[in-house]
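None of the figures in this text is laboratory data; all of them are computed from the coordinates on show. For clarity, every value in this text was computed on a predicted model and none was experimentally measured. Note that each Cβ is placed from the backbone with ideal geometry, even for glycine, and that neighbours are counted across all protein chains shown.
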Ligand code: C2O
Ligand code: CU
């Protein structure tokens, strides 16, 4: 995939607004003096998503590729990202999961005016946390993300982490119609009330993947990012035992996923440590079987013929250095409940799409639902992408510890994302969540009750919303203020 190295100011000026080419960039490993400048151009391009036997697809991209340029930052070092809008509509960029100043958060109306076509906006922040993050628009989000605007951000640890290879899989779901064109019909009301716009083509780093190359015996850090509008994934690595070492960029205690299934909702990231214990020359399936009856092979782990690098696994799991997250004080924390409501009531099975076809009824009829709203949080529906004058549902005194109880009263799954903070995940359905997990996007199954905690230390108005884009647009969104 394309890789955008930091650019010096001088190069940026000389490039005259064009796309920067690798030739003008410092060699790998060279550290430009901070702040690092990136230029990110949002604009139309073409990409071969569906494989060589299909035509190219018209997409919207960051710097001409799907996924967009990888933005590589360093923990604690100032970054400067110049976003230029060459789309024919307004946009913004949200740096998903990065704890940054409110004015840099990319929510139109709420934190900045939208970037008009032909205009630029400079995002400047110093990432406090190392890890795997991503960026995407927060304007006309359903269509802009659905047409390809998404890229990964890797914030490097201060000290490099010992691992054989550091790999990134940005996984995206597309709904393609004839001629590999992106299907129209964004914002279908029926879908919005159910699972959202789940597509029919899943790409790995921008194209359908047959196989990914590995050598026996190597240890890999595999960063997974789900950049889909709505598709939830449950990945199984046949013949392997992946160990989760970070969730949403935040290191956790290393642990194997329950049942060997890695649950990855839209907008979530998971870093795996993968010891390649397979046999040279063999291939192993990576399966996504989240939706009943709709499992498919994401790719294969293809071992080359070389003999194993080492005879045994290196043993001790990769333990990533913790990020400087403020630990909430649970004894003094204020407690609030956010209840997710609405959507179609499922008749029968509730596991993903399985139960949605047999008809149903809307679980609506409560207060505060505006036009086009089918979801709500505590009876209030904010629709769209965010706009000026959104009244906060809750206001926290700066520095307070907060426990939020998230209640999913709906029949559908929701990856709930909170801006500007990372959430300590305490309990799920009454059971303690182990492994010291922090997340910015918490995947909730139907009827789940999840307790999260955080220190409200980042002043401003922050979005909290479902990251199934159709759900966000149709009301599953609110604002929390840190004053
Ligand atoms: Cu990645 Cu408000 O979202
Ligand atoms: Cu949702």
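Side notes on the structure shown:
- Computed over the Cα atoms of region 229-315, the ratio of the radius of gyration to the Kirkwood radius (Rg/Rh) comes to 0.99.
- Using the average count of surrounding beta-carbon atoms within 10 Å as a protection proxy, the listed peptides 325-333, 276-284 rank, highest first, as 276-284, 325-333.
- Gyration tensor verdict on region 24-159 (Cα atoms; rounded if a/c is under 1.5, prolate if a/b is larger than b/c, oblate otherwise): oblate
- Scoring 260-273, 429-442 by mean Cβ neighbours within 10 Å over their residues and listing the highest first yields 260-273, 429-442.
- Shape of region 166-303, Cα gyration tensor, a/c cut at 1.5: prolate
- Region 428-483 and region 225-283 have Cα centres lying 21 Å from one another.
- Of the beta bridges in the chain, as assigned by DSSP with both residues counted there, near 70 percent are antiparallel.
- Taking region 24-159 and dividing mean pair separation by its residue count, relative contact order in percent (alpha carbons under 8 Å, at least six apart): 28 percent
- Amide N proximity, region 69-104 versus residue 120 label position 7 Å along Cα-to-Cβ, cut-off under 13 Å: 80-86
- Sites residue 405 and residue 159, calculated FRET efficiency, Cβ-Cβ separation with R0 25 Å, nearest 0.05: 0.10
- Value of relative contact order over region 166-303, rounded to a whole percent, pairs C-alpha under 8 Å and six or more apart: 28 percent
- The chain, relative contact order [Cα under 8 Å, separation at least 6], %: 14 percent
- Model label sites at residue 292 and residue 334, defined 7 Å from Cα along the beta-carbon direction, differ in position by 4.2 nm.
- Within region 250-277, backbone nitrogen closer than 16 Å to the virtual label 7 Å beyond the Cα of residue 166 toward Cβ: 250-251, 270-274
- Mean-position separation - Cα centroids, region 78-109 and region 142-191, in angstrom: 17 Å
- Nitroxide proxy distance, nm - points 7 Å out along Cα→Cβ at residue 190 and residue 255: 4.0 nm
- Full-stretch length increase - residue 279, residue 304 - with 0.36 nm per residue and alpha-carbon distance subtracted: 8.1 nm
- When each of the peptides 158-165, 93-100, 468-475 is scored by how many other beta carbons lie within 10 Å of its residues on average, the order from highest to lowest is 468-475, 93-100, 158-165.
- Length gained on full extension, residue 54 to residue 322: 92.1 nm, using 0.36 nm per residue less the C-alpha separation.
- The chain shape via C-alpha gyration tensor axes, a/c threshold 1.5: rounded
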